[in-house]
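Have a look at the structure below, then the notes.
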Amino acid sequence: MRNTKFRITDVVLAQEAIFRGGGQIIPTARRACYSSFLMASPRLMEPVYSCSMIGPQDAVPMLYTVLSRRRGHVLADGPIAGTPLYRVHGLIPVIDSFGFETDLRIQTEGQAMISLVFDKWQLVPGDPLDKEVVLRPLQPADAQATARDFVLKTRRRKGLSEDVSVAKFLEPEFYQSLMESGTLGSP
């Protein structure tokens, strides 16, 4: 969660102390937070590595190819003064970096070296709650469906239902009034 703030502006608590415990307040606050997350059109963020690859000039096209196959891109490249080597700087998402070094060494026949360092967080392309995206097993997701792919795979791995609905966290009457007003879509 980034840039998230909750402010309680109004609360009505029971007069009896037994009804004001954490067992009554925490689940209500949790449902309010979860529903607000889902109604705010959430986006996923992923860590990104900065990679520095060094290899001979004839290996540079292979460096570009291997990096682009893994959702990465090149920022800069150029020769290293006084050597026959080239240095290529790029960015690659951490989740796509597993096996990257092995793949690079195989493609360049061991001529290229690489170093990876955390650089930043970036938004994952796509809407994680888009139900129109159809993901087939054992097939790569479309580039604009990556966020939905991450959400579905994580929920499946944890044994959760694939449906992420705000209706689970709202009172039925309130949910119906939001649907009728068009806030959540058409009734």
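Between SER115 and ARG155, what is the label-to-label distance in nm when each label sits 7 Å out along the Cα-to-Cβ direction?
4.2
Given a Förster radius of 30 Å and the C-beta distance between ALA40 and LEU13 as r, what FRET efficiency does 1/(1 + (r/R0)^6) yield to the nearest 0.05?
Working: r = 27 Å, r/R0 = 0.89.
Result of the calculation: an efficiency of 0.65.
When the Kirkwood radius is taken over all Cα pairs of region 1-54, what Stokes-Einstein diffusion coefficient follows at 10 °C and 1.306 mPa s, in µm²/s? Can you show the working numbers first?
Details: Rh = 14.9 Å.
Rounded, D is 107 µm²/s.
Projecting each Cα onto the charge dipole of region 1-99 (Lys/Arg +1, Asp/Glu -1 at the beta carbon, about the Cα centre), which of ILE18, GLY72, SER52 comes out farthest on the positive side?
Farthest towards the positive end: ILE18.
Quickly work out the GLU171-to-GLU132 label distance, labels modelled 7 Å from Cα along the C-beta direction, and quote it in nm with one decimal.
3.4
Mean projection of the alpha-carbon convex hull of region 99-172 over all orientations, in nm²?
Dividing the Cα hull surface by four gives the mean projection, 7.9 nm².
Given just the C-alpha atoms of the chain, how large is their convex hull per residue in cubic angstrom?
Working: hull volume 33.6 nm³, N = 187.
Spelled out: Cα convex hull of the chain, divided by residues, is 180 Å³.
If you rank ASP10, ASP130, ASP149 by fewest surrounding Cβ atoms within 10 Å, what's the result?
Working: ASP10 4, ASP130 12, ASP149 17.
In increasing order of surrounding Cβ atoms, one gets ASP10, ASP130, ASP149.
Per DSSP H run of at least 4 residues, take -39500 (n - 2.57); add these up for the chain, divide by its residues and hand me the 222 nm value, nearest 500 deg cm²/dmol.
On the way: 5 runs with 58 residues, N = 187.
So the helix-based figure for the chain works out to -9500 deg cm²/dmol.
Taking the Cα-to-Cβ direction at THR83 and at ARG31 and moving 7 Å from each Cα, how far apart do the two end points lie in nm?
It works out to 6.2 nm between the two label points.
Checking understanding here: applying a Kyte-Doolittle mean of at least -0.5 and a length along the axis of at least 24 Å (C-alpha), which whole DSSP H helices in the chain pass? Write down the numbers at each step before the final one.
Values: long enough: 22-39 (25 Å, 0.28).
For the chain, where a helix must reach 24 Å along its axis and average at least -0.5, the hits are 22-39.
Which whole-number percent of Cα pairs in region 45-123 have a distance greater than 14 Å? Write down the numbers at each step before the final one.
On the way: 1732 of 3081 pairs.
When all Cα pairs of region 45-123 are counted, 56 percent exceed 14 Å.
For region 34-86, what size does the Cα cloud have along each of its three principal axes, sorted from largest down, in whole Å?
59, 20, 11
Can you list the aspartates and glutamates whose alpha carbon is less than 17 Å from that of LYS131, not counting same-chain residues fewer than 8 positions off?
ASP142, ASP149, GLU162, ASP163
Every number in this text was worked out from the coordinates using simple rules, so none of it is lab data. For clarity, every value in this text was computed on a predicted model and none was experimentally measured. For neighbour counting, all protein chains shown are included, and Cβ atoms are generated from backbone atoms with ideal geometry for every residue, glycine included.
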